[in-house]
Amino acid sequence: MGQKTVRFSDLSGQLIMHDDALARIVVHEHPELGDGPVEIEALTDEAEAMEEAALRVAVLDLYFRDDIEPHRIVLEADAFDKLATENPMSELLITARPARRSPRTPTNGASRGDRLDYATLEHAGKPHKGKTTDTEKQLVRDHLAEINERLARQGIRTISLTDADHIERYGLDQLAREHTMELEFGLDDEAQTEADAETEADAETEVGIGAEVG
């Protein structure tokens, strides 16, 4: 006996009766999206309705001083066009110079449009917008010294066990407590060493005084 796969639209829950009524939708960017693109299935009519409702947009990377990575924003094309007040945006884009690679852009062989995978030892710990995955947190906890050494070589801020934001972002509570205890223990040892030295110096002084009296 044969089997038949039944499919439903992820959007509406409607039954997809025929393969030619199936549309595959890949979501590349969304405020609620996690670490990478996802795909859903929908009816062809639903996908066509999306196409008809699509906005003309401008996708921009904003580079501010001292930023490690650009700020990616999306504007309605009409709103972006209105920002050009001296010459029409169409003329501005035609005469603008080609985009150059930022000197801060990582040169790891990835193409300009590729997204870095922060859930790998190669990129974990780098500053980035969006959610920090459990995998990245675990990598940072397990390889903190190694990751900080890499970040320092690349001129990127290192991860501090005394920075509240870093502790919360990477789940470093336990390491931070251990670090604090080590510091306190080290200070106690130093204080004890100084006290012992003072006691020894006092004893030597007393011996010297006793010798002079004798």
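The values are calculated or read from the model by the stated rules, or taken from the named source; none is laboratory data. All values derive from a computational prediction rather than experimental measurement. Cβ placement follows ideal geometry from the backbone for every residue including glycine, while neighbour counts extend to all protein chains displayed. The area values use the complete protein model at the heavy-atom level, side chains included, leaving out ligands, DNA and RNA. Shrake-Rupley method; radii C 1.70, N 1.55, O 1.52, S 1.80 Å.
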Which of (1) more than 29 Å from the chain's Cα centre (by Cα); (2) farther than 26 Å from residue 83 by Cα is the odd one out, the single condition residue 54 does not satisfy? (2)
Cβ pairs under 6 Å, 6+ apart, first in segment 35-57 and closer than 11 Å to residue 24 by Cβ, second open to solvent by 70 Å² or more (accessible area, probe 1.4 Å) and outside any strand (DSSP E or B): 40/10; 41/10; 42/11
Open to solvent by 40 Å² or more (accessible area, probe 1.4 Å), of a type in the set (Val, Ile, Thr), assigned to a loop (DSSP other than H, G, I, E, B) and within 30 Å of residue 158 (Cα to Cα): which single residue out of 73, 68 fits that description? 68
Residue selected from segment 131-148 under the condition part of a helix (DSSP H, G or I) and not charged (D, E, K, R), by the criterion surrounded by the fewest Cβ atoms within 10 Å (Cβ to Cβ): 145
Would you confirm whether or not segment 80-88 contains a residue that is open to solvent by less than 50 Å² (accessible area, probe 1.4 Å) and at pLDDT 90 or above? yes
Tell me, yes or no, whether segment 35-49 has at least one residue that is in a helix (DSSP H, G or I), open to solvent by 100 Å² or more (accessible area, probe 1.4 Å), modelled with pLDDT of 90 or more and of a type outside the set (S, T, N, Q). yes
Scan segment 2-17 and report the pairs whose first residue is of a type in the set (Lys, Arg) and whose second residue is surrounded by 12 or more Cβ atoms within 10 Å (Cβ to Cβ) and modelled with pLDDT of 85 or more, with Cβ atoms within less than 6 Å and a gap of 6+ or a chain change. 7/16
